[in-house]
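Everything below concerns the one structure shown next.
The values are calculated or read from the model by the stated rules, or taken from the named source; none is laboratory data. In this text the structure is predicted, and so the values were computed from the model without any measurement. Cβ placement follows ideal geometry from the backbone for every residue including glycine, while neighbour counts extend to all protein chains displayed.
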Amino acid sequence: MKHEARSLRGVQRGVSLMVVMVVLVLGTLLMLGSTRVGTLHGALVGSESDTQLAFAAAEALMRDAELDILGQRADGTPCSDDPTVAVRCRNLAGPFFPEKDDDLDVLGASVSAANGGFQNCRQGVCLPATVDSLSPTVWVDQLSDMQSVAATYGQFTGTTTDEASNPLLSNAPVRAWYWVEVFRYADATGILAPTGNRLRPDMDRHPYVYRITTFVQGSKPGTRVHLRSVFVPYPNPTYR
């Protein structure tokens with residue numbers, strides 16, 4: 001009887017040991033699973049936050065480009081009051097946004113390849129031959145070259161941002177760029193809304209239409225935001 005009791009106790013100890021080991025293994029697996037879920041959740045939250053920052057930066061960049069075209073600083077004051085030195089926010093020595101037809105010849109020469117232009121662009125101002133010249137493949141296949149002829153946030157308007165508000169708009173390193181394509185109204189029908197909902201520029205004051213493209217590279221390599229809009233700075237209020 002004593003021998004049988006000892007054997008039974010030995011079996012019970014063995015079963016208890018197995019149960020404890022199984023519980024430990026299950027606990028370890030649960031802990032590892034929770035860690036992986038937490039890491040994945042953190043990565044997803046980080047990616048979403050980076051995308052939101054990039055989108056906000058692209059929108060801010062769009063507004064800065066509009067101010068550049070209008071020749072205004074963020075507070076509404078003009079960039080320059082001296083027409084002998086600058087046209088709006090741009091220096092006369094570089095590409096500037098045209099005010100009359102004669103300016104297009106000057107702009108064309110300024111953005112030519114001979115003056116460091118690429119795809120008829122320089123310092124964020126482009127004078128393409130047609131509305132389809134800068135096709136989507138250019139922004140994909142030749143992005144690094146396009147960045148060399150882009151403008152950056154506040155470069156011409158003087159707008160600044162601190163690191164806390166949006167680090168993607170700071171200049172170290174540059175992660176945000178914009179380009180402005182210049183079109184005569186007659187040549188811009190391919191990018192304008194259908195007749196009836198279309199803004200027409202004041203032909204006497206400023207007969208040009210602009211297409212603004214912004215591109216922002218997020219802090220993470222996979223985060224990229226690309227926005228495009230058509231801007232009519234001086235619309236004719238009596239014509240649609």
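Data for the structure
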item	result
Residue in segment 128-136 that is in contact (Cβ under 8 Å) with a residue 12 or more places away in the chain and closer than 23 Å to R88 by Cα present	yes
Residues satisfying the stated conditions in segment 168-196, i.e. modelled with pLDDT under 90 and loosely packed, with under 15 Cβ neighbours inside 10 Å	N171, A172, P173, A186, T189, G190, A193, P194, T195, G196
Residue check, D132 part of a helix (DSSP H, G or I) and under 20 Å from A188 (Cβ atoms)	no
Subset of segment 49-103 (residues that are aromatic (F, W, Y) and part of a helix (DSSP H, G or I))	F55
Residue tally, condition among the β-branched types (V, I, T) and out of contact with any Lys or Arg (no Cβ under 7 Å at 6 or more places or on another chain), over segment 134-158	4
Some residue of segment 202-216 being in contact (Cβ under 8 Å) with a residue 24 or more places away in the chain, touching a Ser or Thr at 6+ places or on another chain (Cβ under 7 Å) and not hydroxyl-bearing (S, T, Y)	yes
Any hit, segment 97-115, residues being closer than 12 Å to W179 by Cβ and in contact with a helix residue (DSSP H, G or I) (Cβ under 9 Å, 6 or more places away or on another chain)	no
Hey, A150 surrounded by fewer than 13 Cβ atoms within 10 Å (Cβ to Cβ) and closer than 22 Å to A109 by Cβ or not	no
Condition check for S80: modelled with pLDDT under 90, more than 19 Å from R211 (Cβ to Cβ) and in contact with a Cys (Cβ under 8 Å, 6 or more places away or on another chain)	yes
Failed condition for S144, given (1) touching a helix residue (DSSP H, G or I) at 6+ places or on another chain (Cβ under 8 Å); (2) under 24 Å from G116 (Cα atoms)	(1)
Whichever residue in segment 120-134 is crowded, with 19+ Cβ neighbours inside 10 Å and polar (S, T, N, Q) and, among such residues, is farthest from F183 (Cα to Cα)	Q123
Segment 85-115, subset β-branched (V, I, T) and surrounded by 13 or more Cβ atoms within 10 Å (Cβ to Cβ), residue nearest to D68 (Cα to Cα)	V87
